[in-house]
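Okay, so here's the structure we're looking at.
Every number in this text was worked out from the coordinates using simple rules, so none of it is lab data. Computed from a predicted structure; not experimentally measured. Quick reminder, even Gly has a Cβ in these numbers, built from the backbone with ideal geometry, and neighbours come from all protein chains shown.
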Amino acid sequence: MQEDSHNVGPVCNRTSQDQSHDRPQSVGLQTRPTEDAPFRGLDRKSPIAAYSRHMPHWRQDGVFYFVTFRLADSIPRTVLEEWAEQDRVWLAARGITEALPEPERQARYAALPETERRAFERDLAHRLFVELDRCHGSCLLRQAAVAGLVSQAIRFHHGTRIDCGDYVVMPNHVHWLLRPHPGEALESILHSVKRFSASQINRHVERSGTLWQRESYDHIVRDEPEFERIRSYIEQNPKKANLKSGEYVYYRAET
């Protein structure tokens, strides 16, 4: 299975029809802090790794991530080109030009005031989520059987490589809360989920080639209030996008 070269527990046994609900569905997954695994938000005093492709990515051990990955045809090319130009102008105005070596670009970005970086990153996320909810492209995930394959892939590593939290499978994208176990890289987990689900989906719908956009959006959950806000966003996303029952899969992990 090839992915787009563009830069960034137990398998559920329910039928695909059982997996789409208007109300939260408890699936026996633990996402609340426990004595063994207390909640950890972003700790600015601990080591943070950072890199960027088309979006910035921050990494820290022991934290929850809010992840969004999407189908390769979910954003029109004209929109992507417009975003790229907006970002180029914003960064250049702060001395971060395309002519700089990548390490220097990343260093200059990291040196920007935190409030400025956070506002920029919020804008990136907002425009992405708004455009995704317009349901561009093939929207293969609207099919219950296809969404079920994605749901199974998301939950496969629960308890072994990750703590799997709430998620929603929308027609052309997925929102997911998860916490990688120690030593597990988020990139590796996402690659595994996307590669396996793409193989299964391509076989099911008799297609070939790229399914998922390679780069995913990810955000370190900063604190418990933000954790709860993200859970609410995931739950409300189908309603916000005017989806009907059966056009999405939503799971709320047990608390």
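Potential lengthening of the chain between Thr160 and His126 amounts to 9.0 nm, from the contour at 0.36 nm per residue minus the alpha-carbon distance. Between Asp87 and Glu254, the C-beta separation translates, for a Förster distance of 41 Å, into a calculated FRET efficiency of about 0.55. Our estimate of slack between Tyr233 and Thr78, defined as 0.36 nm per intervening residue step minus the Cα-Cα distance, is 53.1 nm. By the beta-carbon count within 10 Å of each Cβ, the least crowded to most crowded order of Ser151, Ser216, fewest first, is Ser216, Ser151. Site pair Thr115 and Val205 shows an inter-label distance of 4.5 nm when each label is modelled 7 Å from Cα along Cα→Cβ.
Of all DSSP-defined beta bridges confined to region 109-255, some 90% are antiparallel rather than parallel.
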